[in-house]
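Q: I'd like to ask some things about the structure below.
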Amino acid sequence: MKKSGSESLKSINLRPFVESLIAILVGFIIGALVLLAFGYNPWSAYYWLFQGALGSTYGIASTLKYATPIMLTALTFAIGTRTGIFNIGAEGSFYFGAIAAVIFTNVWDNMLFGLAMGMLLGALWALPAAVLKVYRGVHEVISTIMLNWIGWFFVLWLIVGPYANPSDPNKTIRIPVDARLPIIGYGLSIAIVIAVVAAVLTYFLLWHTTMGFGMRASGINQKAARYAGMNPKMAVMWSFLIGGLLSGLGGAMKIMGEGPSYAISQGGANIYGFGFDGIGVALVGRNHPVGIILSAIFFGMLRAGTALMQAQAHVPLEIIKVIQGIIVITVAIPSLYDLVKKAIHRGAA
Amino acid sequence: ISPGGEESTKGAIAIVYDVGGRGDLSFNDMAYLGASKAAKDFNLDLVELQSNSEDDYVKNLETLAAQKKYLVIIAVGFMMTDAVKQVADEYPDQKFAIIDGYIPDKDNVMSILFKENEGSALAGALAGLIAANDGKDKVGIVLGMEIPVLYKFEAGYRFGVKWAEDYYKQKEGKDVTVDVIYQYTGSFGDAAKGKAAARAQLAQGAWVIYQVAGGTGLGVFDAVGEVLDSQGKKMGPPFAIGVDSAQDWIKPGVIIASMMKRVDVGVYTAVKDAVEGNFKGGIVELGLKEDGVGLSTVDDVMAMFDSLPEDTQQQKLKDLGFNSRDELRQYLEDTRKQVPDWIWDAVKELQGKITTGVIKVPAPMDQDGIGAVRNAKTWQEMMELAK
Amino acid sequence: MDVGSVLSILITSLMAMVPIVLTSVGAAWSERAGVVSIGYEGVLLMSAFFGAIFAELTSNAVVGLLGGIFVGILLGMLHGVLTVYLKGDHVIPGIGINLLAMGVVPFGILAYWGTAGQHQLPHDAQMWHLKTPYGELSPMVPVTIIIALVTWWVLFKTPLGLRVRSVGENPEAADALGINVEKYRFWSTVYGHALAGLGGAFMSVDWLGLVHKTMSGGRGFIALANMVFSGWNPLVSLIGGWLFGFFDALAAWLAPKHIIPGQFILMLPYIMTLIIVAGIIGKARPPKWDGRPYKRE
Amino acid sequence: MERTPIIEMKGIVKVYPDGTKALKGVDLTVNKGEILGLLGENGAGKTTLMKILFGMLHPTSGKILIRGEEVRFKSPSDAIAHGIGMVHQHFTLVEVFDALHNIILGMEGHGAFSKIDVYRARERLQSLMDDLNFQVPLEIPVEDLPVGVQQRIEILKMLYRDVDVLILDEPTAVLTPIEVEELFRVLRQLKAEGKTIIFISHKLNEVMDLTDRVTVIRKGEVIGTVNTSEATPQLLAKMMVGRDVVLKIEKPPKEAGEPILRVENLKVMGDRGEIAVNGLSFEVRAGEIFGIAGVEGNGQTELIEAISGLRKVESGRIYLQGKDITGRGPRELYDLGMAHIPEDRTHMGLILDMTVTENSVLGLHWHPRFQRFKGVINWSKAREHARSLIEQFDISAPGTEAPVKSLSGGNQQKLIVAREVSKEPIFIIAAQPTRGVDVASTEYIRNYLVKLRNEGKAVLLVSADLDEVLQLSDRMGIIYEGEFMGVVKPEEVNTEEIGMMMGGIRYEEIRK
Ligand SMILES: Nc1ncnc2c1ncn2[C@@H]1O[C@H](COP(=O)(O)OP(=O)(O)OP(=O)(O)O)[C@@H](O)[C@H]1O
Ligand SMILES: Nc1ncnc2c1ncn2[C@@H]1O[C@H](COP(=O)(O)OP(=O)(O)OP(=O)(O)O)[C@@H](O)[C@H]1O
Ligand SMILES: [Mg+2]
Ligand SMILES: [Mg+2]
């Protein structure tokens, strides 16, 4: 779905939203069949899933907590897509955002400084891919996959070596108490608010600023962008840098805003995988910041609900992953919407 | 597993796995073993929660604690330490047990720790003596990601190898050196990586390889198996040494023994204590002395094998080319006979000394610690580090 | 470095090359026809699992490999229907397939074999290997080389290849000449996934002789990078895949020397790839309609 | 001439999935061996009708008879099998393939897995080209060939398939007069061989020149069919538009003023490193239209790109109002008063996936009036701007928020012209300003350029349409391999002389 620049928030096209909703519904139905096939009660499974995700303030807080990092990495991917780049480097920038938070809040225990350094390092890690793309024509799929791996091992080295916690080597040194993000309640920090603001700002940047116009134009048609006096090379640079910055912010907030440890675990277990998850979130959110907010919350729900679903309906995690996979696949079918619409029309006639 | 919640049992226990989940060939699997046995023995419902990522720990623990129906909630893995601390504070009436996590001061939390360094020392002694006996000068260890918990394994192994050098010298009157080739593969789930690492170590002369790498370690077994194959041998040496559970059954003939970490015993004990009202918070440390770690015996392997479902056992026997359980047992025993009895006796001797506290094995917790162990020339030097 | 080490590294790299090259070659063909998929990671994992089942049921590794191909075909058909016929997004289904695999395989291993997380294949279900003191070589190594060569030849020298490339470059042009764009795209997708399926089954029934719940280890993504690296050319994919395998094996060989921290050794294959691409290869141009659905109206 | 219908289309209705009713019951008869002209404004439904005939679209209702037999085409291969071939308005060539492979694609012969017999295909093609005396280089990737050649490839593609009926959708829009002549020669030869041709064009004189009969379509309905011999351009134009159209542009004499653009010894390289513009010097004055004529590919594109800041200048200087602008980018040039109607509207002038509003401010979105505050675009102002352009230039668009790709080509072009003019430039480059645009719009655009000139602006006109250059220019340069063969006033030269200059003979030599 193409978004128009002049579209205001109130006149947002609801079709993609409805499309995704239908897809999700169909995914749940197929998932129910899978559950039945393996002898689980889909009704109770889904009941507990939603109970866990939305049935209590605590559930909602967890949902939002899960939604936060993937919202930011999804924005990275979406900015890339909107500017014609298949940027899968969110993962790497996320690691650097996280380690930057750990390192720099321990230099100066100031929250804003930590966030800023997270964004900075996240952006810096995106820089090589940007430079290689612009000056050497290196396809971003190669550079970002390679940089993700390189960044991964580099950060692993940092956390097991120089920044291991001397009193508890299973994690890095912790974020000082003063530099942690304030908690709203139920373990949910203001990270979610910052993430939503970031999404809105991204929307504003892409659709309401000169720079964003240039980035989008360059993404669709470089020749036309050049003709219009824009600078496609800089647009590519900015796309990578802003993308990296957002993922870096995500990484920093993951550590600064989420207990209990406020540190990176050895093996990077609590910073791994968010970049990849973000791709799915972005796509289900149709690469639109508003869509991404909703879709990140949806994915957060699926994650938050699994605990009760396992505990009460005894559905193993693997089956839950299968259902998530099916939902994501159904989201890819755009004509689902038309099919359903046709069916409704036929029913009405 | 049955959906719904019929309460025909005397209560329930819950277990939260860490991200490795069931099938990690490590503490999760062992914890399951203990928990399921306890559930059966005490007629309890067992609820299992897997974790998608580290972020799920608090959520999983809290969800269970809020249900207020579990006799004890078992958290598997050191990574859950902070999560357990937090949730235990929120739910002081709920009993928790954590495997590998150090929580010394809460009444409702039992921390079950293992002295992997002691068990690994036996593995190292075994490896070192096999190498020395065959006139080889290198043994290997393939580890997973470089995380400090693995330093204990590496240090123990090194200690054992150095001890073996010394022992051999005293026994045969010959100076031998056995070097330890080590590498962290950066992954716990990529068997191909483990295979490549083991291949490289074998090419560089490793005669016995200890794997401490979860799924990656499966590739170590495969690589050693291939070397045997290429020499037309069914049994080593070269050998591999398994870890965490009695893994010998995975590839009989290839795996001489495994360094067992009896998470199952720890879990079982925690449940038993809770059922019988003997649950006490604090640290429970299980070493060689407490049978919490140790080298696998054939009996251990058979017990592990017996814990598999019946038809899996039959299939497994068929796959391995055995007609009966007894044949497998015989085969495992034959495998061990490839190593002279005196070596087994020597390992026992070391075990005795560690158990009685005559010998102490270092357990470094960080890079500096392991660095010091790597630099130590003798086991005595290492023992200094353990103090 | 002695001869033994060199041979050992060589053999390891040749074996490591197989799944990456097969997947890259398949992906290159599929993208030449204009269909992008990022689900190869899941395809590798699922076909490793199901391929092993096929091999065990028949006690025949070749059937296992065919079973892997079969699973690849099914997943390719799923992806093909979604992207080619229903004109859906090309990237999303792959993410779904990867998720699916992460659920199906661990669940399946436990459900089918009763052992959690891993399963060792019995000897009769494993591929025959050429055994050398420096490692074992599978007949799949030459087969992979042949597949890469033949795929390259068909793609660039035959009418079939011409049509496949035309639907990826300009489906409208192909359509106007009566070429059934959907058919060519669909079967190209199936072929691409089938090769990945073969690569996945190779991992279990051939290379490693075991199934493990995370055994694909990111190779599906590496294969995609290799495909781009090779400029969507199956023949260059062969070289790129081998180079990657080589640096991987070299890294494993260098690691025990501890010249630099292990994490930096582990970066080696990725850094080398980046250097080669940035320094030598540079710009790669994808097929013009790569990843874009084609609709007439 | 005997009249046996080879094609009869009856009551063809086409409703697009988005609800657009493109054809409302069209009847069309094509006789064997004739050249039928198909005329109509932009968006009238010509392309739609022909795509239906070629099997690329399926009619909503109606039937098609070929040689009296009803047919139902599922795809173009069915149409080709019935001897119908089509050359599309937008070329459908695989850009990275060479001509040979583009042509044989889909009928390579032999089995799918055998090696393509390039040798035999080349032989067959060569004899086909020799028969028609119509040559194309067979081994160069099509993307590196000029459009004129690309079109020949398209035609050869169909002839290689032995079609009896050849549909040509606006084939001349991109051709130079010489190429048009060449094309017409071939078409006439084909007709002589008994082939039937359907010819779509917006250029009335071409239709008058080439066709036997003309069918006119307006808004999805057939207005009528006339024998060309009985028609006049005025009549056809009136049938198309529904009103009288002035076919001659009023251009009052005007004294040119100060030089606005001055180009000195300009040298520019082409994409393949060749010298495309070779030491060109000229000036365009206020109140003057300076035209550049020449066969496409003689440096026009590079010249325009250099002046408009899109291409590096190798050597030489460019001045705008006396100010050196060599090497300045498009944005600065806009600030200095330059506007540019680019020749490639779909790839350069517009961003097809963006909306009309977005396109209407493309390149002038920096202007303070579209900025809420610096860096933030005021879209409501932009929308107003789009609305006023639509109104002022009578652009037919579904709305300001529709993607520009849903506008017909003619309306897309009008939008570009409107936008560039709205920059209120003192100097405007108009490259192929009326290519593919229907008569009414052409009239409008040409008059507008004259109006700008009358207002004292400087206009640089580059067009492959020689008539256009002759009609509009006050002075014109004839370019050949990056050099002017002559700079003349249109009324001083005749077509023949221009033709010679376009072929590379200098004016002085001709005059000798
Ligand atoms: N794919 C489409 N979807 C919706 N409407 C379409 C589509 N293609 C064409 N139309 C509409 O159908 C009508 C006829 O279009 P068509 O292309 O046949 O015009 P045309 O006569 O060829 O115009 P031109 O002279 O500009 O080529 C137009 O109103 C156009 O907007
Ligand atoms: N997505 C769309 N929705 C609606 N109409 C469309 C769409 N895409 C194209 N059209 C219509 O299809 C017709 C043909 O489109 P095309 O791009 O060929 O314009 P055009 O024929 O080039 O115009 P011209 O002949 O003046 O150059 C146009 O009339 C346009 O309005
Ligand atoms: Mg048309
Ligand atoms: Mg047109």
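The values are calculated or read from the model by the stated rules, or taken from the named source; none is laboratory data. Not measured: the values here are computed from a predicted model. As a convention, Cβ positions derive from the backbone with ideal geometry for all residues, glycine included, and neighbour counts pool all protein chains shown. The protein model used for the area step is the full one, side chains on, heavy atoms only, and it has no ligands, DNA or RNA in it. Shrake-Rupley method; radii C 1.70, N 1.55, O 1.52, S 1.80 Å.
Q: Can you pull out the residues in the range A:138-150 that are more than 7 Å from every other protein chain (Cβ to nearest Cβ) and closer than 17 Å to C:D248 by Cα?
A: A:L147, A:N148
Q: Go through the range B:246-355 and tell me which strands (runs of 3 or more DSSP E), entirely inside it, have 2 or more residues that are open to solvent by 60 Å² or more (accessible area, probe 1.4 Å), of a type outside the set (F, W, Y) and out of contact with any Gly (no Cβ under 6 Å at 6 or more places or on another chain). Lay out the reasoning, then the answer.
A: On the way: elements: B:255-261, B:282-286, B:293-295.
Ranges flagged: B:282-286.
Q: Residues being touching a helix residue (DSSP H, G or I) at 6+ places or on another chain (Cβ under 8 Å) and either open to solvent by 10 Å² or more (accessible area, probe 1.4 Å) or assigned to a loop (DSSP other than H, G, I, E, B) (or both): count how many of those fall in the range D:160-174. Steps first, please.
A: So the first thing to find is which residues in the range D:160-174 are touching a helix residue (DSSP H, G or I) at 6+ places or on another chain (Cβ under 8 Å), and the list is D:160-161, D:163, D:166-169, D:171-172, D:174.
The next check asks that each one be either open to solvent by 10 Å² or more (accessible area, probe 1.4 Å) or assigned to a loop (DSSP other than H, G, I, E, B) (or both); those that pass are D:160-161, D:163, D:171-172, D:174.
The qualifying residues number 6.
Q: Hey, another quick one. If I ask for residues that are at negative phi and either touching a residue at least 60 places away in the same chain (Cβ under 8 Å) or near ligand 1 (Cβ under 6 Å from one of its atoms) (or both), which ones from the range D:43-61 would you list?
A: Within the range D:43-61, D:A44, D:K46, D:T47, D:T48, D:L49, D:M50, D:L53, D:F54 qualify.
Q: Right, something else. Identify the residue in the range C:88-108 that is in contact (Cβ under 8 Å) with a residue 12 or more places away in the chain and touching a Lys or Arg at 6+ places or on another chain (Cβ under 6 Å) and, among all such residues, is nearest to the other protein chains (Cβ to nearest Cβ).
A: C:L99
Q: Within the range D:1-120, considering only helices (runs of 4 or more DSSP H) that don't extend past its boundaries, which have at least 2 residues that are more than 16 Å from ligand 4 (Cβ to nearest atom)? Break it down into steps so the answer makes sense when it comes.
A: Values: elements: D:46-53, D:76-81, D:99-104.
By residue number, D:76-81, D:99-104.
Q: Only one residue in D:T434, D:T442 is away from chain A (no Cβ under 14 Å), under 30 Å from D:G220 (Cβ atoms), within 15 Å of ligand 1 (Cβ to nearest atom) and without any contact (Cβ under 8 Å) to a residue 60 or more places away in the chain. Which one?
A: D:T434
Q: Same structure, new question: Counting only residues that are buried (at least 23 other Cβ atoms within 10 Å of the Cβ) and either among the basic types (K, R) or not assigned by the TED database to the domain that holds D:E221 (or both), which one in the range D:39-64 is farthest from ligand 3 (Cβ to nearest atom)?
A: The extreme case among them is D:K51.
Q: Which condition does D:E154 not pass, out of (1) closer than 30 Å to D:K238 by Cβ; (2) within 16 Å of ligand 3 (Cβ to nearest atom), if it passes all the others?
A: Looking at each condition in turn, D:E154 falls short on (1).
Q: Let me ask something else. Residue pairs, Cβ under 6 Å, 6 or more apart or interchain, first in the range C:11-36 and on the phi < 0 side of the Ramachandran plot, second among the basic types (K, R). List them.
A: C:T12/B:R199; C:P19/C:R219; C:I20/C:R219; C:R32/C:R165; C:A33/C:R185; C:V35/C:R185
Q: Checking D:S388 against (1) farther than 30 Å from A:T202 by Cβ; (2) within 16 Å of ligand 3 (Cβ to nearest atom); (3) polar (S, T, N, Q), which single condition isn't satisfied?
A: For D:S388, the failing item is (2).
Q: Would you point out which residue out of C:L74, C:L45 is within 14 Å of chain B (Cβ to nearest Cβ) and modelled with pLDDT of 95 or more? Before the answer, list the steps.
A: Working: C:L74 fails: within 14 Å of chain B (Cβ to nearest Cβ).
After applying the criteria, what remains is C:L45.
Q: Can you pull out every residue in the range D:13-25 that is touching an Asp or Glu at 6+ places or on another chain (Cβ under 7 Å) and either over 20 Å from D:I200 (Cβ atoms) or within 16 Å of ligand 3 (Cβ to nearest atom) (or both)?
A: D:Y16, D:P17
Q: What residue, of D:A402, D:A339, D:A418, D:A397, is more than 19 Å from A:N221 (Cα to Cα), more than 19 Å from the chain's Cα centre (by Cα) and outside the structural domain of D:A286 (by the TED database)?
A: Working: D:A402 fails: more than 19 Å from A:N221 (Cα to Cα); D:A339 fails: outside the structural domain of D:A286 (by the TED database); D:A418 fails: more than 19 Å from the chain's Cα centre (by Cα).
Sole residue among the options that is more than 19 Å from A:N221 (Cα to Cα), more than 19 Å from the chain's Cα centre (by Cα) and outside the structural domain of D:A286 (by the TED database): D:A397.
Q: Can you list residue pairs whose Cβ atoms sit under 6 Å apart, with the first residue in the range D:80-107 being within 8 Å of another protein chain (Cβ to nearest Cβ) and the second being within 16 Å of ligand 2 (Cβ to nearest atom) and part of a loop (DSSP other than H, G, I, E, B)? Count only pairs 6 or more apart in sequence or on different chains.
A: D:M86/D:F54; D:V94/C:N170; D:N102/D:L93
Q: Further, regarding this structure: Would a scan of the range B:69-90 turn up a residue that is away from chain A (no Cβ under 11 Å) and farther than 22 Å from B:T269 by Cβ?
A: Scanning the range B:69-90 turns up no residue that is away from chain A (no Cβ under 11 Å) and farther than 22 Å from B:T269 by Cβ.
Q: Let me ask something else about it. Determine whether the range C:121-139 contains at least one residue that is more than 14 Å from chain B (Cβ to nearest Cβ), open to solvent by 10 Å² or more (accessible area, probe 1.4 Å) and either touching a residue at least 40 places away in the same chain (Cβ under 8 Å) or farther than 30 Å from B:S245 by Cα (or both).
A: Yes, the range C:121-139 contains a residue that is more than 14 Å from chain B (Cβ to nearest Cβ), open to solvent by 10 Å² or more (accessible area, probe 1.4 Å) and either touching a residue at least 40 places away in the same chain (Cβ under 8 Å) or farther than 30 Å from B:S245 by Cα (or both).
Q: Let me ask something else. Where in the range D:396-501 are there strands (runs of 3 or more DSSP E), lying wholly inside it, with at least 2 residues that are surrounded by fewer than 23 Cβ atoms within 10 Å (Cβ to Cβ)?
A: Because the criterion is at least 2 residues that are surrounded by fewer than 23 Cβ atoms within 10 Å (Cβ to Cβ), the strands (runs of 3 or more DSSP E) in the range D:396-501 that meet it are D:475-480, D:483-488.
Q: Examine the range A:294-316 for a residue that is in a loop (DSSP other than H, G, I, E, B), within 11 Å of chain C (Cβ to nearest Cβ) and open to solvent by 10 Å² or more (accessible area, probe 1.4 Å), and state whether such a residue exists.
A: Among the residues of the range A:294-316, at least one is in a loop (DSSP other than H, G, I, E, B), within 11 Å of chain C (Cβ to nearest Cβ) and open to solvent by 10 Å² or more (accessible area, probe 1.4 Å), which makes the answer yes.
Q: Going through the range C:269-294 one residue at a time, which ones are more than 8 Å from chain A (Cβ to nearest Cβ), at pLDDT 85 or above and either open to solvent by 80 Å² or more (accessible area, probe 1.4 Å) or part of a loop (DSSP other than H, G, I, E, B) (or both)?
A: C:I275, C:P287, C:K288, C:W289, C:D290, C:G291, C:R292, C:P293, C:Y294
Q: Restricting to the range D:329-369, name every residue that is without any contact (Cβ under 8 Å) to a residue 24 or more places away in the chain and surrounded by 20 or more Cβ atoms within 10 Å (Cβ to Cβ).
A: Within the range D:329-369, D:M348, D:H365 meet the criteria.
Q: Any idea which of A:A23, A:A32, A:A74 is out of contact with any His (no Cβ under 6 Å at 6 or more places or on another chain), modelled with pLDDT under 85, among the aliphatic types (A, V, I, L, M) and closer than 20 Å to A:I327 by Cβ?
A: Working: A:A32 fails: modelled with pLDDT under 85; A:A74 fails: modelled with pLDDT under 85.
Residue meeting the stated conditions: A:A23.
Q: What pairs can you find where one residue is in the range A:290-313 and over 18 Å from A:F17 (Cβ atoms), the other is among the hydroxyl-bearing types (S, T, Y) and open to solvent by less than 30 Å² (accessible area, probe 1.4 Å), and their Cβ atoms are less than 6 Å apart, with a gap of 6+ or different chains?
A: These pairs meet every condition: A:R303/A:Y66; A:A304/A:S62; A:A304/A:T63; A:A304/A:Y66; A:A307/B:T63; A:L308/B:T63; A:A311/B:T63; A:A313/A:S44.
Q: Considering only residues that are assigned to a loop (DSSP other than H, G, I, E, B) and among the aliphatic types (A, V, I, L, M), look in the range D:285-307 and name the one that is nearest to D:G504 (Cα to Cα).
A: As a first pass, look at the range D:285-307 and keep what is assigned to a loop (DSSP other than H, G, I, E, B): D:286-287, D:294-299.
Subsequent filtering for residues that are among the aliphatic types (A, V, I, L, M) retains D:286, D:295.
Values: D:A286: 29, D:V295: 10 Å.
Filtering the range D:285-307 for residues that are assigned to a loop (DSSP other than H, G, I, E, B) and among the aliphatic types (A, V, I, L, M), the one nearest to D:G504 (Cα to Cα) comes out as D:V295.
Q: Let me ask something else. Does any residue of the range C:41-52 turn out to be part of a helix (DSSP H, G or I) and under 21 Å from A:N87 (Cα atoms)? Write out each step before concluding.
A: Residues of the range C:41-52 that are part of a helix (DSSP H, G or I), as a first pass: C:41-52.
Okay, now just the ones that are also under 21 Å from A:N87 (Cα atoms), so C:41-42.
Looking for residues that are part of a helix (DSSP H, G or I) and under 21 Å from A:N87 (Cα atoms), one finds at least one in the range C:41-52, hence yes.
Q: Any idea which residue in the range C:215-228 is nearest to B:G21 (Cα to Cα), counting only those that are crowded, with 24+ Cβ neighbours inside 10 Å and facing chain B (nearest Cβ under 9 Å)? Walk me through it before giving the result.
A: Filtering the range C:215-228 down to residues crowded, with 24+ Cβ neighbours inside 10 Å leaves C:215-216, C:219-220, C:222-228.
Right, trim to facing chain B (nearest Cβ under 9 Å) and you get C:215-216, C:219.
Working: C:M215: 15, C:S216: 17, C:R219: 22 Å.
Within the range C:215-228, the match that is nearest to B:G21 (Cα to Cα) is C:M215.
Q: May I ask you to verify whether D:T92 is in contact with a helix residue (DSSP H, G or I) (Cβ under 6 Å, 6 or more places away or on another chain) and of a type in the set (S, T, Y)?
A: Working: in contact with a helix residue (DSSP H, G or I) (Cβ under 6 Å, 6 or more places away or on another chain): yes; of a type in the set (S, T, Y): yes.
When the stated conditions are applied, D:T92 passes them.
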